[in-house]
Amino acid sequence: MNETVMNEKKAVSEKAISAEEKSARLLLKIRGLRIEGRVDDSWLEIVHGVDLDLRRGEVLGLIGESGAGKSTIGLAAMGFTRDGCRISGGTIEFDGMELTSSPEEDLRMLRGARIAYVAQSAAASFNPAHRLIDQHTAAPVQHKIKTRRESEEDAMELYRRLRLPNPGEIGFRYPHQVSGGQLQRAMTAMAMSCRPDLIIFDEPTTALDVTTQIEVLAAIRDIVDQFDTAALYITHDLAVVAQMADRIKVLLKGDEVEEADTRSMLEAPREEYTRSLWAVRSFQRHQKPVPPADETPVIEVRNVSAAYGPVLVLDDVSFSIHRGRTVAVVGESGSGKSTAARCITGLLPPLSGEVLYNGTPLARHFRDRSKDQLRQAQMIYQMADTALNPKKRIGEIIGRPVSFYGGLRGAELKKRVDELLDQIELEPSQYYHRYPSELSGGQKQRVGIARALAAEPEFIICDEVTSALDQIVAEGILKLLDRLQNDLDLAYMFITHDLATVRAIADHVVVMKEGKVVEAGPKEDMFRPPHHAYTDLLLSSVPEMDPDWLDDLLAKRGVDNIGEAAQQKSAL
Amino acid sequence: MIGIIKLVAKRLGFGLVTLFIVSLIIFWAVEALPGNLAEQVLGQAATPETVEALSKEMGLDRPAFVRYIDWLSSALQGDFGSSLANKRSVSEQLEPRFFNTMFLAGLAAAMSIPISIILGVLAALWRDSIFDRGANVVTLTSISSPEFFLGYILILFLAVQNPIFPSISNVSEGMTLGERTFATMLPAITLTLVVIAHMMRMTRAAIIALLASPYIEMARLKGEPRWKIIVVHALPNALAPVINVVALNLAYLITGVVLVEIVFVYPGVGQLLVDSVQKRDFPVVQACCLIFAATYILLNLLADVGAILSNPRLRHPK
C-alpha cells in the first residue's frame, strides 16, 4: 500500500491527532531477547538474543522452521511465556512500557486490549463450551472498552467486513457448528474486538486447506489495512509471508539469520540458510513413462463406495496403481482421500465395488484377508509421533513386522533390522536401542518408513507423510521414498493436500472432492491447462513466492470468487 | 434433540437390563444358601415338622423359578412380601426408613457437592500452594479413616466435649425440617468427610488437565483474570468427569450408609438391613438389596445423562 493511502486512512481514524508523530514512533522494540525452556531440571536457552522493531501499522513476518523460536518470540511480545519457559534476558518495550519487568496484573490489562493474539488452530483455541459471541465480547467487557451490547454489534460489523456468511447470526453459534476457515476469520474478528495496536498472528492458516487459506489471508490483510493495525505474522510458509508482510525476519534455532523488506528478501537473500529455504521446493523427480495398458496394476480400486454410518463418503471411486509408480491422491480435508486408503487396507469395508490386488479381488474386511495379502499393503502415517509406540525401542518397532511376517528370530532378526536402518540412512549401532522420543520428527518418519518396508510389501500407502515436517526435512523424506521405490520397485499411493509434494514425486494424479474423483491423469497433463474447474481452483490457490500473487489473483477472480464461494461454484 | 433422546433411552434400557440381572443375583443368592430356607429361618428350632410347616407357609414347595417370577412381579408393584420376623409388610417397614436414608444422603450431598467442587476449583486455581496441599492432606486423611472411626471422633468433639449436636440421631415422624436436619447433622458430616476427597480431587485434576489446552491459553492472552479462566473456561469443559464421580459418590452415600447408621443409631435402610440379616429375615434383606441396586443404577444413569448434556456438541447439533 502506498504512503498517501495510508495517511488518508490515518486521518479518518480516531487516532488522528498526532498520526504522523505516532507512526514514526516504534510500537514494539525488543532488544537482546533471551528465553529459556525447562528440560528436566535445567534451563536450556531456546532464543539467543533477538532484536526486533515494529512500527505502527507495519506487518513484520517472522519465518523459520519449527524450533526456530517464532511462536515463543511472538508470545513474548505480549509479555507471555508458556509454562516451562521464562524470559532470561533482554528488554521488550511496547509503546514505552517495559514488559519484562511489569507486574502480571499490568500485563493482563494489556493483553486482549492493546495486543491481541490469533492462534494456529481456531478449532482448538475457541472454547467448545461457549458461543462465539460470548468469547468475542469477553475481552472488551473485561477491559471495560465496550459494553456487552456495543461489542455484540461491533462483532457483527467485523464479521461482515471479514465476509463471514450471515454476520448477524453466525456469532450465536458454538465453535463446532462453524467451519474451520470461518472459525479462523471469527478469531481474527475476536482479536480486533478491542481495536488493538498490535496483533500476533501465529501460523493462522497452517491448519487450513489451500482454497480456504486464500480467503482467510485476504480477509486478514484487508482488516489489518482497514484499522491500520501493526502485526507480527508468524509462519513457516514463505509464499504466505510474501503476501502478508512488509518486512521479513528469518529465524533459525533461536537466532536471527537476516531481516529485510519483503521484496529485497525474496529477490536477493543474503544468507546461505535463507537461500536454502527458497530452494526446497526445487526437488522434482521425472515422471516415469505411463505403464503399458495391458499391465495388471498392483492395486486396483474399482467403483468403490463407502460410508460412515448413513453418510456416504466415497462415491463410485476408481483408480489403479502400478508397480514402481506413485499415484498422488489430492483433495481437501473431507474429500475422501484417507477413506479410500482405509477401504484398500480393509479397515473400512466398502459398501459396493471391489479392491483388486494383482488382479485378484481382496476380501472387503481385513480380518478375512490372508496374512500374505495383509503383508503386501503397508502404511506410513502423517503423525510419526503418535504412530510409533513410545514405550518400544526403535529396534523392536522395526523388528516386530520382520518377525511377524518373515518369522525371523535372534541374530537373523537383528541383521535384518540393521539392514532396514541402513536403508533409511540411520546408523544401526546408534539408533537400534533408542526410544522414539529421542528422535527428531524426520528421523521418526524414517522409522515409520522402515517399519513399512520391514514387511517387504509391494504397495505402500503414504498418508500425508510430509505435512507435519519442515520443508527441508520433508524433502529428505521424499528423496528417500523415491530412492526406495527405484531400488525395490514399490508402488506408492501418496495422499496429500500439498501440490508442491505432488509436483515433486507423483507419476499419476487423482483429484478428489466430496468423495468423488473429479479428475485423474498423468502428472504432466494435470499441471497443464485446461483443467477441471476444481483442479484449477486447487492449483491457482497455492500461494506463490511473488509478493503480488494475492493481489493479482484477487484482481483476476474478485473477492467473491475465492475460498468457499468458489468451491461451491466449482461443484456445479 | 432426537439424538439425545435416543442416547438417554439407550442408557435407560441398559439400566433396566442391569437391574434385572441384579434381581436374579439377589434371588438366587438366597436360594443358593445350603439347605432349605425354612431351616435357615428356624435355626435351632428346626424340627422336620416345623420345617415342613414353614416351607408350606412360605410357598417353598413350589419350584424356585415360579417363586422368582412371583417375587419379581410383586416387587415391581411395590410389594416385597411380608417380614418373617414380625409378619408385617416389608414395604410398610421400608418406606419410612427409605425416606430417612434418602434424607441423610440428601443432606450429605447438599453439603459435600458444593464444598468439594469449590475446594477443587480453588485447589486448581492455587495449584501447588499451601492451600492445595493442605486440602489434599485433609481430604485424604478423612477418606482413609473408616466411617465408624470418623463418626466416633465427631461424637467425641461435637457431642461429648462440646455438646452441639446430639450423638444419637433419633428422628421420628412429625419433626420439623429444622429439627430433623439438626438431629441428622453428625452422620451427615461424617458422610461428607468420607466422600469429599474423591470429588474434590477429580474436580481439581479435570480442571488442571484442561489448563494446557489452546483455548485456555487464548483466554489468558485475552487478559481474562485467573479465576474467570478456571470457572468460566475450564470448569464447563471439566463437567463430564466431575459429574461421573459425583454420581458414584452419591450412590455411595445411599448404599454405604450402613456403618454410619449403626454408629448413630439412625433409623434408615442400612440399619434395617443389618437387623434383618441377623434375624435371617430374607424378604427384607432382598428388598433392601434391590432398592440399593436400583438407586445405584439410577444415579449412574443420571450421571451418564448429565455427562452427555454437558457436551455442547450434543446439546447443539450442527
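The values are calculated or read from the model by the stated rules, or taken from the named source; none is laboratory data. Note that the structure is a prediction, hence the values are computed from the model and not measured. Every residue, glycine among them, receives a Cβ derived from its backbone with ideal geometry; neighbour counts consider all protein chains shown. The area values use the complete protein model at the heavy-atom level, side chains included, leaving out ligands, DNA and RNA. Shrake-Rupley method; radii C 1.70, N 1.55, O 1.52, S 1.80 Å.
B:Phe157 versus (1) away from chain A (no Cβ under 14 Å); (2) touching a helix residue (DSSP H, G or I) at 6+ places or on another chain (Cβ under 9 Å): which is the lone unmet condition?
Going through the list (1) away from chain A (no Cβ under 14 Å); (2) touching a helix residue (DSSP H, G or I) at 6+ places or on another chain (Cβ under 9 Å), B:Phe157 breaks only (2).
Go through (1) farther than 17 Å from B:Leu125 by Cα; (2) surrounded by fewer than 22 Cβ atoms within 10 Å (Cβ to Cβ) and name the single condition B:Ala287 misses.
Among (1) farther than 17 Å from B:Leu125 by Cα; (2) surrounded by fewer than 22 Cβ atoms within 10 Å (Cβ to Cβ), the lone unmet condition for B:Ala287 is (2).
Each row is one residue, and each column tells you yes or no for (1) within 21 Å of A:Phe494 (Cβ to Cβ); (2) at pLDDT 90 or above; (3) of a type in the set (Gly, Ala, Ser).
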{"site": "A:Ile380", "(1), (2), (3)": "yes, yes, no"}
{"site": "A:Ala387", "(1), (2), (3)": "yes, no, yes"}
{"site": "A:Val402", "(1), (2), (3)": "no, yes, no"}
{"site": "A:Leu413", "(1), (2), (3)": "no, yes, no"}
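Please verify whether region A:427-436 includes one or more residues that are assigned to a helix (DSSP H, G or I), among the aromatic types (Phe, Trp, Tyr), under 22 Å from A:Ala468 (Cβ atoms) and without any contact (Cβ under 8 Å) to a residue 40 or more places away in the chain. Can you show your working first?
Going through region A:427-436, the residues assigned to a helix (DSSP H, G or I) turn out to be A:428-431, A:436.
Then drop every residue that is not among the aromatic types (Phe, Trp, Tyr), which leaves A:431.
Subset that is under 22 Å from A:Ala468 (Cβ atoms): A:431.
Imposing the further condition that a residue be without any contact (Cβ under 8 Å) to a residue 40 or more places away in the chain reduces the set to A:431.
The answer is yes, given that some residue of region A:427-436 is assigned to a helix (DSSP H, G or I), among the aromatic types (Phe, Trp, Tyr), under 22 Å from A:Ala468 (Cβ atoms) and without any contact (Cβ under 8 Å) to a residue 40 or more places away in the chain.
Name the one entry in B:Ile262, B:Ile243 that is open to solvent by 50 Å² or more (accessible area, probe 1.4 Å) and among the β-branched types (Val, Ile, Thr).
Values: B:Ile243 fails: open to solvent by 50 Å² or more (accessible area, probe 1.4 Å).
Exactly one residue qualifies, and that residue is B:Ile262.
Output yes when any residue across region A:526-534 is modelled with pLDDT of 85 or more and touching a Leu at 6+ places or on another chain (Cβ under 8 Å), and no when none is. Let's see the steps before the verdict.
First pass over region A:526-534, keeping only residues modelled with pLDDT of 85 or more: none.
Looking through region A:526-534, none of the residues is modelled with pLDDT of 85 or more and touching a Leu at 6+ places or on another chain (Cβ under 8 Å).
Pull out all pairs, ordered by first then second residue, where Cβ-Cβ is under 9 Å, the residues are six or more apart or on different chains, the first lies in region A:334-347 and is on the phi < 0 side of the Ramachandran plot, and the second is assigned to a helix (DSSP H, G or I) and among the hydrophobic types (A, V, I, L, M, F, W, C).
Final answer for the pair search is A:Thr345/A:Phe366; A:Thr345/A:Leu374; A:Leu347/A:Ala341; A:Leu347/A:Phe366.
Which ones in region A:449-474 are part of a helix (DSSP H, G or I) and under 15 Å from A:Asp418 (Cα atoms)? Show your work before the answer.
Quick first cut of region A:449-474, residues part of a helix (DSSP H, G or I) only: A:449-454, A:471-474.
Those that are part of a helix (DSSP H, G or I) and under 15 Å from A:Asp418 (Cα atoms): A:Ile449, A:Ala450, A:Arg451, A:Ala452, A:Leu453, A:Ala454.
Here is a yes/no grid of residues against (1) in contact with a His (Cβ under 7 Å, 6 or more places away or on another chain); (2) within 11 Å of another protein chain (Cβ to nearest Cβ); (3) not polar (S, T, N, Q):
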| position | (1), (2), (3) |
| --- | --- |
| A:Val47 | no, no, yes |
| A:Arg55 | no, no, yes |
| A:Cys85 | no, no, yes |
| A:Asp106 | no, yes, yes |
| A:Gly112 | yes, yes, yes |
| A:Gln120 | no, yes, no |
| A:Phe126 | no, yes, yes |
| A:Ala129 | no, yes, yes |
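Specify which of the listed residues (A:Gly64, A:Gly90) is modelled with pLDDT under 90 and more than 23 Å from the chain's Cα centre (by Cα). Give the steps one after another, and end with the answer.
Details: A:Gly64 fails: more than 23 Å from the chain's Cα centre (by Cα).
Going through A:Gly64, A:Gly90 in turn, just one is modelled with pLDDT under 90 and more than 23 Å from the chain's Cα centre (by Cα): A:Gly90.
(1) more than 30 Å from the chain's Cα centre (by Cα); (2) open to solvent by less than 60 Å² (accessible area, probe 1.4 Å): which one isn't true of A:Asp134, the others all being true?
It is condition (1) that A:Asp134 fails.
If you check A:Arg275, A:Arg263, A:Arg221, A:Arg195, which single one turns out to be open to solvent by 10 Å² or more (accessible area, probe 1.4 Å) and within 21 Å of A:Ala68 (Cα to Cα)?
Working: A:Arg263 fails: within 21 Å of A:Ala68 (Cα to Cα); A:Arg221 fails: within 21 Å of A:Ala68 (Cα to Cα); A:Arg195 fails: within 21 Å of A:Ala68 (Cα to Cα).
When all the criteria are applied, what remains is A:Arg275.
Within region A:87-97, count every residue that is open to solvent by 50 Å² or more (accessible area, probe 1.4 Å), in a strand (DSSP E or B) and either within 7 Å of chain B (Cβ to nearest Cβ) or out of contact with any Phe, Trp or Tyr (no Cβ under 9 Å at 6 or more places or on another chain) (or both). Please lay out each step first, then the result.
Step one: of region A:87-97, the residues open to solvent by 50 Å² or more (accessible area, probe 1.4 Å) are A:87-88, A:91, A:93, A:96-97.
Imposing the further condition that a residue be in a strand (DSSP E or B) reduces the set to A:87-88, A:91, A:93, A:97.
Adding the requirement that they be either within 7 Å of chain B (Cβ to nearest Cβ) or out of contact with any Phe, Trp or Tyr (no Cβ under 9 Å at 6 or more places or on another chain) (or both) leaves A:87, A:91, A:93, A:97.
Matching residues across region A:87-97 total 4.
Which of the residues that make up region A:144-167 are in a loop (DSSP other than H, G, I, E, B), open to solvent by 50 Å² or more (accessible area, probe 1.4 Å) and away from chain B (no Cβ under 14 Å)? Break it down into steps so the answer makes sense when it comes.
Here is the first cut: in region A:144-167, the ones in a loop (DSSP other than H, G, I, E, B) are A:144-147, A:162-167.
Subsequent filtering for residues that are open to solvent by 50 Å² or more (accessible area, probe 1.4 Å) retains A:144-145, A:147, A:163, A:165-166.
Hits for region A:144-167 are A:Thr147, A:Arg163, A:Pro165, A:Asn166.
Among residues belonging to region B:194-216 that are within 12 Å of chain A (Cβ to nearest Cβ) and either aliphatic (A, V, I, L, M) or in contact with a strand residue (DSSP E or B) (Cβ under 8 Å, 6 or more places away or on another chain) (or both), point out the one that is least open to solvent (accessible area, probe 1.4 Å). Write out each step before concluding.
In the first step, residues of region B:194-216 are kept if they are within 12 Å of chain A (Cβ to nearest Cβ); the result is B:208, B:210-216.
Add one more test, that the residue is either aliphatic (A, V, I, L, M) or in contact with a strand residue (DSSP E or B) (Cβ under 8 Å, 6 or more places away or on another chain) (or both), and what stays is B:208, B:210-212, B:216.
Values: B:Ile208: 37, B:Leu210: 34, B:Leu211: 31, B:Ala212: 93, B:Ile216: 3 Å².
For region B:194-216, the residue satisfying everything is B:Ile216.
Per-residue answers, yes or no, for (1) more than 14 Å from chain A (Cβ to nearest Cβ); (2) buried (at least 18 other Cβ atoms within 10 Å of the Cβ); (3) free of Cβ contacts under 8 Å to residues at least 60 places away in the same chain:
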| site | (1), (2), (3) |
| --- | --- |
| B:Met218 | no, yes, yes |
| B:Leu221 | no, yes, yes |
| B:Ile229 | no, yes, yes |
| B:Pro236 | no, no, no |
| B:Leu253 | yes, yes, no |
| B:Val257 | yes, yes, no |
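So which of B:Phe103, B:Phe80 is part of a loop (DSSP other than H, G, I, E, B) and in contact (Cβ under 8 Å) with a residue 60 or more places away in the chain?
On the way: B:Phe103 fails: part of a loop (DSSP other than H, G, I, E, B).
Of B:Phe103, B:Phe80, the one residue that is part of a loop (DSSP other than H, G, I, E, B) and in contact (Cβ under 8 Å) with a residue 60 or more places away in the chain is B:Phe80.
Could you grab me the full set of residues in region A:61-83 that are within 22 Å of A:Asp40 (Cβ to Cβ), away from chain B (no Cβ under 12 Å) and in a loop (DSSP other than H, G, I, E, B)?
Passing the criteria: A:Ser66, A:Gly67, A:Gly69.
For a quick check of your reading: which strands (runs of 3 or more DSSP E) sit entirely within region A:277-390 and have at least 2 residues that are more than 30 Å from A:Leu238 (Cα to Cα)?
It comes to A:299-308, A:311-321, A:352-357, A:377-380.
What pairs come up if the first residue lies in region A:252-269 and is assigned by TED's automatic domain parsing to the domain that holds A:Gly64, the second is part of a loop (DSSP other than H, G, I, E, B) and basic (Lys, Arg), and their beta carbons are under 7 Å apart, counting only those six or more places apart or on different chains?
Final answer for the pair search is A:Glu258/A:Arg270.
Among the residues in region A:168-178, are any of a type in the set (Phe, Trp, Tyr), under 29 Å from the mean Cα position of the chain (by Cα), at the interface with another protein chain (Cβ under 9 Å from one of its Cβ atoms) and under 17 Å from A:Ala230 (Cα atoms)?
no
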